[in-house]
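Taking it in order: structure first as structure tokens, then the write-up.
The values are calculated or read from the model by the stated rules, or taken from the named source; none is laboratory data. Please read these numbers as outputs of a predicted model, since none were measured by experiment. For neighbour counting, all protein chains shown are included, and Cβ atoms are generated from backbone atoms with ideal geometry for every residue, glycine included. Only protein heavy atoms, including side chains, enter the accessible area calculation; ligands, DNA and RNA are left aside. Shrake-Rupley method; radii C 1.70, N 1.55, O 1.52, S 1.80 Å.
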Amino acid sequence: MEKSIRMEKTTLGVCYYPEHWPEELWEDDLLRMKEHGIEIIRIAEFAWSVFEPNEGVYTFEFFDLFLELTKKHNIKVIFGTPTATPPAWLTHKYPEVLNAKVDGTLYRHGIRRHYNYNSPKYRELTTKIVERLAKHYCSHPSIIGWQIDNEFNCEVNVFYSEADHKAFRYYLKKRFGTLDALNEAMGTVFWNQTYTSWDEIYLTRPTVSNSTNPHMSLEEKRFISESVISYCNLQAEIIKKYKTDSQFITTNGLFDHLDSHEMTDLALDFITYDSYPNFAFDTWADPKKPGNLNDRKWSRSLTKTRSISPNFGIMEQQSGAGGWDSRMKQPAPKPGQMRLWTFQSIAHGADFISYFRWRTNWIGTEIYWHGLNDYSNLPNRRLSELKTIFNDLQKLEFLAGSKYKAAVAYIKDYSNEWDGEQDQWHGPLDRFSEEGWFTAAQINHVPMDYLYLRNSSTKKTSVEDLCKYKLLIYPHATILTEETAILLKEYVEQGGTLIMGARTGYKDEFGRCPMRPMPGFAAEICGVRVTDYTHLGPGEEAVFAAWDGEEIEAPIFNDILEARDGAKTLAAFKGNYYDGAPALVENKIGRGTAYYFGAGFSTSTATVFLSKLGFAKPYGSMFEIPEQAELAVRSKDNTDYYFVLNYMPYTIELNVRIPMEDVISGTICNGKCKIDKYGVLVLKTTSDSW
Ligand code: GAL
């Protein structure tokens, strides 16, 4: 079943912390929220001590009182389970619940997310608090849904407590059955790492050169992901016992070492994302760095969110400057940027947008994470911008449930993502090409999805899933199983176009490099053999590939190719010792075509692929949009809505080739039309356009 949020209309919300403010402020806050169009609030996700001030002593009065007010003013509530911040009494009494650094030092009280997922004690205490909260609050009419914990794996995404080491042994036993099988899969004969008892096995510990067995390291990430999912599911199962049919269960954020697709399928109704586009400004981190997509790059995270839940929520949308007192120094969003980022989320599939936070906190680590209100609580420009957003959205409410429309998808999978984290030949190449393709899709106005390959008990990617797209890009599937290769081949045979790149197919699922010609199981799909390869070391001459007289960059890594079995060489390398050797091979199988390019993909290389294969500017006959703007398309009831988002601090101009209506302003755009700085258009064709 599709794991999407189901909203009747595009709806606004905000994160609120009654425990941070005097009770006298609550009612005024709720009333002013309503005035600004806010209908839903998220509460309680860090309030464990309020509910359980001492072990086994539960008090509900505080939030009961607050919830009465939400009922009175018809504000709906998403209730957070408070497990991201275990109380001081708890960690003091049961230090085994704490997470530890790689050297075993425990993380102590003072910040948040200091617990581990595997401690039996923490799981027991979690069960108790969640059980009490769900039992007490599920029947409250204000509560429309539950948020489990807060941002799993944010702040810290590795776990080295005693409980984790133990659980890892259990995980490996379950996975491999015997020590012989484990030793074989993990290649422990190398450097004499052979295990003779399960007790000898640990997660990463301090090692010489800070490196470790790569196969164990990959398993470690799989194990961490499994631990989070099991912990999330523990809570979900409890809530499900008490919740009403209409209440949903979700969690927020996307972080590393977590298969969020599997977690959502198993435990949640949909995922929500926390969108802070200011993090993407390389310029604020390093003002001398040449500009890149900056906040527009955040569309990548939204694309990932959409791959989990086609319609999703934003639980935290940045509304002000960000920063802890101890780190992060973000500028305030410029006037118009909060609105732009709200529309960025909506353009990618968000039907619920909740701002972080109602009022800037006056205490604690986050005194510089600005909310909609300042410390002073006086009217300000962010609140008036919110009113504008609210007015705009009233014209777009009907968009809820509409789907982002893309004919192109970029394939991803967690095994390769996690393998590339330690593997310095794989990861940097992968990340370079992902950025290259994403940027190329953005500047060529090619709406693009991410498609995650899945092979689990909840979901196995099918050829139908792939066939939704005309073009699939899977640049560096270093780990490529035979099963995946069969799927990809079927996709091409049925008429799809597939692009693969250097370093494909030489590893197995444990990250080992079996004895077989490269690119392994991709050889048949792409009609290619890799005869030689090299990383392009620093200081080496730039390599190009000549494709129909056009020179394209062939950066980072080169696979020197040989076309086989009727496949055709389209481009040859220029430069280095393999000058003239095949660089790009085309293989027609069934009704489709597969391409193997023996290099990484820069933005300009990916742009050439999109243009030559006929995928660039798919809406070029309708409008001409400058590179600086993003185009996103949402579709509902056979009508397409074209979001054009201007991230620039100056006005830009587009050329609309058929009359279109901007749904927000109601004006007709025909010919040259302007978008203000940080402005947004939502265009649809007028009835007489066709
Ligand atoms: C999120 C988190 C919030 C708040 C916000 C601003 O990561 O969920 O609780 O910390 O960032 O830092």
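Side notes on the structure shown:
- Within region 628-644, residues that are more than 16 Å from CYS669 (Cα to Cα) sit with their Cβ atoms under 7 Å from residues that are polar (S, T, N, Q) and crowded, with 19+ Cβ neighbours inside 10 Å, at 6+ positions apart or across chains, in these pairs: GLN628/ASN646; ALA629/ASN646; GLU630/SER299; GLU630/GLN442; ARG634/SER402; SER635/SER402; LYS636/SER402.
- For HIS445, the conditions (1) in a helix (DSSP H, G or I); (2) buried (at least 18 other Cβ atoms within 10 Å of the Cβ); (3) more than 16 Å from the ligand (Cβ to nearest atom) all hold with the exception of (1).
- Subset of region 457-473 [open to solvent by 10 Å² or more (accessible area, probe 1.4 Å) and within 27 Å of ARG516 (Cα to Cα)]: LYS460, THR461, SER462, VAL463
- Some residue of region 366-381 being within 16 Å of the ligand (Cβ to nearest atom), open to solvent by 10 Å² or more (accessible area, probe 1.4 Å), in contact with an Asp or Glu (Cβ under 7 Å, 6 or more places away or on another chain) and without any contact (Cβ under 8 Å) to a residue 60 or more places away in the chain: yes
- Residues that are among the aromatic types (Phe, Trp, Tyr) and more than 16 Å from the ligand (Cβ to nearest atom) within region 210-264 comprise PHE223, TYR231, TYR242, PHE248, listed in sequence order.
Conditions (1) more than 16 Å from the ligand (Cβ to nearest atom); (2) more than 21 Å from GLU237 (Cα to Cα); (3) buried (at least 18 other Cβ atoms within 10 Å of the Cβ), marked per residue:
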| position | (1), (2), (3) |
| --- | --- |
| ARG132 | yes, no, no |
| TRP146 | no, no, yes |
| ASN150 | no, no, yes |
| ASN157 | no, yes, no |
| ASP164 | yes, yes, yes |
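- Single residue of region 1-26 satisfying the filter (within 23 Å of ASN391 (Cα to Cα) and surrounded by fewer than 20 Cβ atoms within 10 Å (Cβ to Cβ)) that is nearest to the ligand (Cβ to nearest atom): MET7
- Cβ-Cβ distances below 8 Å connect the following pairs, each with a first residue in region 233-250 that is charged (D, E, K, R), a second residue that is in a strand (DSSP E or B), and a separation of six or more residues or different chains: LYS240/ILE249; LYS243/TRP146; LYS243/ILE249.
- Scan of region 383-426 for residues that are assigned to a strand (DSSP E or B), among the β-branched types (Val, Ile, Thr) and open to solvent by 10 Å² or more (accessible area, probe 1.4 Å), ordered by number: none
- Selection status of LEU429, assigned by TED's automatic domain parsing to the domain that holds ARG529 and part of a strand (DSSP E or B): no
- Residue selected from region 522-534 under the condition over 13 Å from ASN587 (Cβ atoms) and open to solvent by 70 Å² or more (accessible area, probe 1.4 Å), by the criterion nearest to the chain's Cα centre (by Cα): TYR533
- ALA347 touching an Asp or Glu at 6+ places or on another chain (Cβ under 8 Å) and away from the ligand (no atom under 16 Å from the Cβ): yes
- Set ASP559, ASP565, ASP637: member being of a type in the set (Asp, Glu) and within 30 Å of ASP676 (Cβ to Cβ): ASP637
- For the residues PHE62, PHE66, the requirement of being away from the ligand (no atom under 16 Å from the Cβ), outside any strand (DSSP E or B) and open to solvent by 60 Å² or more (accessible area, probe 1.4 Å) singles out PHE62.
A quick yes/no check of all residues on (1) within 19 Å of ASN294 (Cβ to Cβ); (2) within 11 Å of the ligand (Cβ to nearest atom):
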{"position": "SER326", "(1), (2)": "no, no"}
{"position": "GLY336", "(1), (2)": "yes, no"}
{"position": "ASP351", "(1), (2)": "no, no"}
{"position": "TRP358", "(1), (2)": "no, no"}
{"position": "ASN361", "(1), (2)": "no, yes"}
{"position": "GLY364", "(1), (2)": "no, yes"}
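- Checked against the criterion of being under 20 Å from HIS92 (Cβ atoms) and part of a loop (DSSP other than H, G, I, E, B), the candidates ARG123, ARG113 yield just one match: ARG113.
- Meets criteria (crowded, with 17+ Cβ neighbours inside 10 Å, aliphatic (A, V, I, L, M) and within 16 Å of the ligand (Cβ to nearest atom)) for ILE314: yes
- Single unsatisfied condition, THR196 versus (1) among the β-branched types (Val, Ile, Thr); (2) more than 34 Å from the chain's Cα centre (by Cα); (3) within 20 Å of THR105 (Cα to Cα): (3)
- Pair list, Cβ under 8 Å, 6 or more apart: region 484-509 residue closer than 17 Å to LYS412 by Cα and open to solvent by less than 40 Å² (accessible area, probe 1.4 Å), other residue of a type in the set (Phe, Trp, Tyr) and part of a helix (DSSP H, G or I): THR484/PHE521; ALA485/PHE521; LEU498/TYR491; ILE499/PHE609; GLY505/PHE521
- Residue in region 216-235 that is among the basic types (Lys, Arg) and open to solvent by 50 Å² or more (accessible area, probe 1.4 Å) present: no
- Subset of region 27-58 (residues that are part of a strand (DSSP E or B), charged (D, E, K, R) and either open to solvent by 10 Å² or more (accessible area, probe 1.4 Å) or not assigned by TED's automatic domain parsing to the domain that holds PHE312 (or both)): GLU39
- Residue within region 252-272 that is touching a Cys at 6+ places or on another chain (Cβ under 7 Å), small (Gly, Ala, Ser) and farther than 20 Å from THR11 by Cβ present: yes
- Considering residues of region 345-366 that are part of a loop (DSSP other than H, G, I, E, B), touching a strand residue (DSSP E or B) at 6+ places or on another chain (Cβ under 8 Å) and not charged (D, E, K, R) only, the residue nearest to LEU631 (Cα to Cα): HIS348
- For beta carbons closer than 6 Å, sequence separation of 6+ or different chains, a first residue in region 146-165 that is under 16 Å from ASP256 (Cβ atoms) and a second that is in a strand (DSSP E or B) and more than 16 Å from the ligand (Cβ to nearest atom), the qualifying pairs are TYR160/ALA100.
- Every residue from region 297-311 that is hydroxyl-bearing (Ser, Thr, Tyr) and within 16 Å of the ligand (Cβ to nearest atom): SER301, THR305
- Where PHE270 falls short, out of the listed (1) part of a loop (DSSP other than H, G, I, E, B); (2) surrounded by fewer than 24 Cβ atoms within 10 Å (Cβ to Cβ): (2)
- In region 323-344, the residues that are assigned to a loop (DSSP other than H, G, I, E, B) and open to solvent by less than 40 Å² (accessible area, probe 1.4 Å) form Cβ pairs under 8 Å with partners that are hydroxyl-bearing (Ser, Thr, Tyr) and at pLDDT 95 or above, at six or more places apart or across chains, as follows: GLY323/TYR368; TRP324/THR365; TRP324/TYR368; PRO333/SER319; GLY336/TYR678.
- Screening the candidates THR264, THR212, THR204 for the property of being hydroxyl-bearing (Ser, Thr, Tyr) and part of a helix (DSSP H, G or I) yields one hit, THR264.
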